[in-house]
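Peer 1: Take a look at the following structure, please.
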Amino acid sequence: MVKGTTDQYLGITAIQFNACQYFYDITAINLDWLEAIGYSMDMSKLYPVRVVTEGFEELNDNIFFGEGNFTFEEMNDMLRKFTENDPDGNGIDDTYGMMYILPNSSTTMTQEGLFGFAYDVNYLYKDKVTGDTVPYYAYTPYKDYLQWVSENLQKGYMKKLPGEQAWNLEYQQISRTNKMGILQCHRDGYLRPTTWGYGELPPTNILLNTDPDARFVMGPMFRGPEGVATDATYGIDPFGEGLYRCHMVGVQVSDEKLIRLLTLLQYTSFESEYTHLRYNYGIEGIHWRWEGEPYKSVRIQTPDEELPEEYRNQGELHVFSTWAYFSTADFETYNAVENGWWSAPAYMYAYNLYEKYALNPDKYLSSPYMGPDLYQKYVEMNAEYTQTINPIVNDFRNRALNGQISDFNTEWAHYIEQLYAAGLQKMVDEIFNNPDFINYDPGDKFKLRGRP
């Protein structure tokens, strides 16, 4: 706390600049199936992956990156043909277009981003019908999205998860069977198949367990009904909010100890590139090694099972750091273009596709954009009205997914009336449309491409 005050603090913020430049998810298509149903991609414009974990070089022949630019009509045609045309050629009716997953950080590019919105409830949109700034659940394209999903579920072109376990566990198991043509994937989990369960994610789980000869193309593949293709960045801004972005130091810490603490943080995070790597990613020569010239080439990661026991648990290497992560755009682009180390992020960086496809909301719910007073008012109103709004939202979504809505336009109009009467009108008038709530501006977050 600043001396002489009761509500002002000095602190060390975390900065995750790379997190606001990349997407968590990426779309994948079974390339063999794609060709089997009459579509193709120019292989001369696709780039093969190079994994950074030793012993998995065979994956380099099976995963490619590219920009699909398929229309919404073509996507729907693929969903149908992946289901009806026996794309794997086994003579059994056991394939389908894709798995429908409730919107989350793994689905935006492949599902809701095609309609111009994301799963994040802090994103607000200017609705063309009402003229109001609203959350996704009151945004007219959400109706079109649910109608699209509902129709595909009824036709069998999409399938729902069983809902008996956590969605990610079920998706890992189902995607492993290699029975769907379009996959929701992690942006770079395939690079580290032995780390943190990434080997259980598609397409890696298919290549390692089901079909080692399958081929997949990954990237922004499809456009929505209005020609839109978007995705939400992992973190919308470099500086975020919340306790996980703060380093708390108790009042009992003396000035002398605080100086020592700050000195250690300075050394581990900012002294040099060497110390930053050492205290965030592990020991060179043990946890990883340079593929080529130090600091200019990629780091080859040692699989967990090959590490001495005392050096395992690679997910816990951030032992003493400020969580300061700078843009890796130039580094990854250089290593991809010059040395062939392609990945989905490298491909997206090299062609500036993050800026091209980034979903920028009209407004973003957070204190820096609203001011502390308006934000606190929102928190209080949201806590009050969520109890009446959420049941309405859940009921409409569930009926849509269960095929119980015959006329979406009529039902949507009634649904919007219910939402506004349940408290959304008051939140729109006093919070979302408030002129003191400034519009979101991405600024130059995609322009900076390296470590300062």
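Here, each number is a calculation from the coordinates, and none is a lab measurement. This one's a predicted model, so the numbers in the text were calculated from it and none came from an experiment. Quick reminder, even Gly has a Cβ in these numbers, built from the backbone with ideal geometry, and neighbours come from all protein chains shown.
Peer 1: Could you let me know the centre-to-centre spacing of segment 161-194 and segment 325-394, using Cα atoms, in angstrom?
Peer 2: 23
Peer 1: What is the extension gain from MET43 to ASP395, computed as 0.36 nm multiplied by their sequence separation minus the C-alpha to C-alpha distance, in nm to one decimal?
Peer 2: Stretched fully, the MET43-ASP395 segment lengthens by 122.2 nm.
Peer 1: Is the chain best put as rounded, prolate or oblate by its Cα gyration tensor, with a ≥ b ≥ c the root eigenvalues, rounded for a/c under 1.5, and otherwise prolate when a/b is larger than b/c, oblate when not? Let's see the in-between values first.
Peer 2: Numbers: a/c = 1.96, a/b = 1.06, b/c = 1.86.
Oblate.
Peer 1: Using Cβ contacts closer than 10 Å as the measure, can you line up ILE101, ILE182, ILE416 from fewest to most?
Peer 2: On the way: ILE101 18, ILE182 25, ILE416 22.
By the 10 Å Cβ count, ascending, the order reads ILE101, ILE416, ILE182.
Peer 1: Using R₀ = 41 Å, calculate the FRET efficiency as 1/(1 + (r/R₀)^6) where r is the Cβ-Cβ separation of ASN339 and ASP77; round to 0.05.
Peer 2: Given R0 = 41 Å and the Cβ-Cβ separation, E is 0.60.
Peer 1: So, one more: Only four residue types carry charge here, +1 at the Cβ of Lys and Arg and -1 at the Cβ of Asp and Glu. Report the dipole size of segment 365-432 about the Cα centre in Debye, rounded to the nearest 20.
Peer 2: In debye, rounded to 20, segment 365-432 gives about 180.
Peer 1: Right, here's the next one. Grab the beta carbon distance between TYR295 and ASN382, set R0 = 56 Å, and tell me the FRET efficiency rounded to 0.05.
Peer 2: Taking R0 as 56 Å, the efficiency between TYR295 and ASN382 is 0.75.
Peer 1: Per residue of the chain, what 222 nm ellipticity follows from adding -39500 (n - 2.57) for every DSSP H run with n ≥ 4, rounded to the nearest 500?
Peer 2: -9500 deg cm²/dmol
Peer 1: Looking at the chain, what % of its DSSP beta bridges pair antiparallel, to the nearest 5?
Peer 2: 55
Peer 1: State the extension gain, in nm to one decimal, for the chain segment bounded by TRP196 and LYS3, taking 0.36 nm per residue of separation less the distance between their alpha-carbons. Write out the running numbers ahead of the final one.
Peer 2: Details: separation 193, 0.36 × 193 = 69.48 nm, distance 4.37 nm.
Stretched out fully, the TRP196 to LYS3 stretch lengthens by 65.1 nm.
Peer 1: Another question, if that's okay. What ranking do VAL393, VAL121 get, fewest neighbouring Cβ atoms within 10 angstrom at the top?
Peer 2: Exposure proxy ranking, most exposed first: VAL121, VAL393.
Peer 1: Excluding GLN111 itself, calculate the net charge of residues whose Cβ lies under 11 Å from the Cβ of GLN111, where each Lys or Arg counts +1 and each Asp or Glu counts -1.
Peer 2: Value of the local net charge: -3.
Peer 1: Around GLU57, under 13 Å between beta carbons, what's the net of Lys plus Arg minus Asp minus Glu among the other residues?
Peer 2: Every neighbour counted, the sum reads -3.
Peer 1: Something else now. Compute the distance in nm between two label points, each set 7 Å from the Cα along the Cα-to-Cβ direction, one at PHE239 and one at TYR351.
Peer 2: For PHE239 paired with TYR351, the spin-label model returns 3.5 nm.
Peer 1: Quick one: pull the percentage of alpha-carbon pairs in segment 365-432 with a separation above 16 Å.
Peer 2: Beyond 16 Å sits 53 percent of the P(r) for segment 365-432.
Peer 1: Output the relative contact order of the chain, whole-number percent, from Cα pairs under 8 angstrom with separation of 6+ residues.
Peer 2: On the way: 754 pairs, mean separation 110.2, N = 452.
Result for the chain is 24 percent.
Peer 1: OK, next. To the nearest 0.05, how large is the calculated FRET efficiency for GLU57 and ILE12 if R₀ is 60 Å and r is the Cβ-Cβ distance?
Peer 2: Rounded to the nearest 0.05, the efficiency is 0.90.
Peer 1: Determine the sum of side-chain charges near GLU291: Lys and Arg each +1, Asp and Glu each -1, restricted to other residues whose C-beta is under 15 angstrom from that of GLU291.
Peer 2: That sum, taken over residues with Cβ under 15 Å, equals -1.
Peer 1: From the backbone phi of segment 429-446, what are the Karplus-calculated ³J(HN,Hα) couplings (6.51 cos²θ - 1.76 cosθ + 1.60, θ = phi - 60°) in whole Hz, Gly and Pro given as x?
Peer 2: 5, 9, 10, 5, 8, 4, x, 6, 8, 6, 5, 6, 10, x, x, 9, 5, 9
Peer 1: Count neighbours as other Cβ atoms within 10 Å of each site's Cβ, and list the chymotrypsin sites (Phe, Trp or Tyr not before Pro) in segment 51-142 that are DSSP loop with at most 16 such neighbours. Provide the component values of the computation, followed by the final result.
Peer 2: Details: sites: PHE56, PHE64, PHE65, PHE70, PHE72, PHE82, TYR96, TYR100, PHE115, PHE117, TYR119, TYR123, TYR125, TYR136, TYR137, TYR139, TYR142; in loops: PHE56, PHE117, TYR119, TYR139.
Loop-located and lightly packed - none at all.
Peer 1: Oh, and also: So for the pair GLN173, SER105, with labels modelled 7 Å out along Cα→Cβ, what separation do we get in nm?
Peer 2: 2.4
Peer 1: Report the label-to-label distance for LEU307 and LEU261 in nanometres (one decimal), using points 7 Å from each Cα along the Cα→Cβ vector.
Peer 2: 2.7
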